[in-house]
Ligand SMILES: Cc1cc2nc3c(=O)[nH]c(=O)nc-3n(C[C@H](O)[C@H](O)[C@H](O)COP(=O)(O)OP(=O)(O)OC[C@H]3O[C@@H](n4cnc5c(N)ncnc54)[C@H](O)[C@@H]3O)c2cc1C
């Protein structure tokens with residue numbers, strides 16, 4: 001039979017390493033991470049030791065120079081057993097992308113090696129209390145003062161708040177210029193005037209911190225601005241094109257992890273004289289779950305390959321939104337079905353599928369809700385962004 005595996009021999013070896021780390025070291029911790037809702041620094045240490053942060057960085061900046069596809073595979077494999085752990089890798093990529101895409105050589109050399117080794121964790125700070133889906137409605141400001149910018153305002157729901165050493169922050173440098181008045185900055189956690197606020201208790205991914213960050217006359221060197229003034233909104237959207245697949249990978253990992261667990265359970269649980277897997281209604285559910293996972297993987301890996309091939313245009317925007325939408329809707333459907341396959345046992349905390357179902361919900365919400373993904377896909381179908389750019393200078397990407 002022909003081999004349709006998209007990974008090279010070397011990449012399969014890395015996947016094996018990630019699987020070993022996930023199943024032998026993290027799986028047993030996942031329930032406890034969920035119960036205690038404490039950020040798992042031991043998992044970060046494990047990632048550092050095994051160079052998992054390095055996968056997403058070029059060798060010249062201290063990484064191992066692997067691909068976007070491999071980063072997605074890593075998030076998927078980790079999320080099969082612990083979505084909080086998968087998210088640590090996905091958000092390291094999310095928080096680093098602004099520097100990779102818009103950073104000067106000096107900025108890359110200053111920041112990327114610390115992120116590649118995992119010495120520093122990164123965060124991406126776009127959302128505010130009054131601006132989530134409508135991110136351009138943000139109110140945080142940045143005013144130039146000599147060689148510095150002075151930031152005022154606050155961000156909400158920021159993953160890695162309080163554990164990150166570096167925050168890529170979006171703020172208005174020209175409040176009257178709409179999308180074109182937003183700029184991006186690297187804010188280090190020890191910047192004067194930077195403060196972490198409330199960490200939110202939440203439904204799932206409980207070990208991940210989600211919190212407020214505040215800027216009170218926070219001074220940031222002008223050399224920390226990413227790109228030119230006014231380019232921040234476009235950068236934020238370019239980042240999301242490349243980071244949404246990471247959330248898709250988290251969703252796919254959850255879905256596959258739940259399917260695998262439900263299958264093993266169904267082979268051993270007996271009712272009416274036979275294992276429940278031999279009842280056709282259960283077998284049919286499992287077949288649907290597995291099929292959805294495989295279809296989701298096909299779409300996700302295609303996007304990974306597109307990014308690695310250097311695709312940057314509207315096709316990437318569309319496919320990336322599709323992967324996020326499909327993989328995370330599959331995550332919610334399949335984890336809910338896994339609970340059903342386990343019956344009453346699926347609903348209690350002794351078994352992992354109820355946690356997976358709670359963890360799956362957020363994948364449909366963050367990095368753009370799935371309503372927003374549908375809008376992005378439809379917009380690219382109706383009038384691709386290339387065409388819109390030709391006709392207007394103020395459109396949202
Ligand atoms: C656990 C967690 C972690 C997060 N991490 C980060 C992070 O690291 N960095 C960051 O910047 N943000 C982060 N977020 C924020 C997240 O991206 C936003 O919550 C999300 O984009 C939705 O914004 P909102 O909550 O303001 O909802 P709203 O924008 O108020 O949306 C409410 C509802 O209306 C729908 N809706 C809104 N506008 C439209 C429209 N035009 N058409 C149709 N439906 C619409 C939405 O789909 C949603 O169902 C995180 C959130 C959570 C909960």
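Of (1) part of a helix (DSSP H, G or I); (2) within 16 Å of the ligand (Cβ to nearest atom); (3) modelled with pLDDT under 95, residue 388 satisfies all except one. Which?
Only one criterion in (1) part of a helix (DSSP H, G or I); (2) within 16 Å of the ligand (Cβ to nearest atom); (3) modelled with pLDDT under 95 is unmet by residue 388, namely (2).
Just one of the numbered conditions (1) modelled with pLDDT of 95 or more; (2) buried (at least 16 other Cβ atoms within 10 Å of the Cβ); (3) in a loop (DSSP other than H, G, I, E, B) is not true of residue 30; which one?
(3)
Name the pairs whose Cβ atoms lie under 6 Å apart, with the first residue in the range 137-157 and without any contact (Cβ under 8 Å) to a residue 40 or more places away in the chain, the second away from the ligand (no atom under 16 Å from the Cβ), and 6 or more positions between them or separate chains?
141/152; 143/150
For the range 94-213, which strands (runs of 3 or more DSSP E) that fit wholly inside it have 2 or more residues that are within 9 Å of the ligand (Cβ to nearest atom) and buried (at least 24 other Cβ atoms within 10 Å of the Cβ)?
122-125, 148-159
Quick one: residue 37 ticks every box in (1) crowded, with 23+ Cβ neighbours inside 10 Å; (2) under 28 Å from residue 262 (Cα atoms) bar one, so which box is it?
(1)
Between a residue in the range 60-80 that is at positive phi and any residue that is part of a helix (DSSP H, G or I), which pairs come within a Cβ distance under 8 Å, given they are 6 or more apart or on different chains?
Note: pairs meeting the criteria are 62/54; 62/112; 62/113; 62/116; 62/117; 65/59.
So if I check each of 4, 39, which one is assigned to a loop (DSSP other than H, G, I, E, B) and within 16 Å of the ligand (Cβ to nearest atom)?
The unique qualifying residue is 39.
What number of residues within the range 165-181 are in contact (Cβ under 8 Å) with a residue 12 or more places away in the chain and over 23 Å from residue 112 (Cβ atoms)?
Here the count works out to 9.
Please note which helices (runs of 4 or more DSSP H) are completely contained in the range 281-376 and include at least 1 residues that are within 16 Å of the ligand (Cβ to nearest atom).
Fully inside the range 281-376 and qualifying: 314-341, 353-363.
Name the pairs whose Cβ atoms lie under 7 Å apart, with the first residue in the range 192-218 and more than 17 Å from residue 125 (Cβ to Cβ), the second near the ligand (Cβ under 10 Å from one of its atoms), and 6 or more positions between them or separate chains?
Filtered contacts from the range 192-218: 202/210; 203/361; 204/361; 204/362; 205/87; 205/362.
Residue 345 versus (1) touching a residue at least 60 places away in the same chain (Cβ under 8 Å); (2) surrounded by fewer than 24 Cβ atoms within 10 Å (Cβ to Cβ); (3) over 23 Å from residue 279 (Cα atoms): which is the lone unmet condition?
Every listed condition holds for residue 345 apart from (3).
Checking residue 65 against (1) assigned to a helix (DSSP H, G or I); (2) under 27 Å from residue 108 (Cα atoms), which single condition isn't satisfied?
(1)
The values are calculated or read from the model by the stated rules, or taken from the named source; none is laboratory data. Fair warning: this is a prediction, and the values are worked out from it, not measured in the lab. FYI the Cβ positions are ideal-geometry reconstructions off the backbone, even for glycines, and counts take in every protein chain you see.
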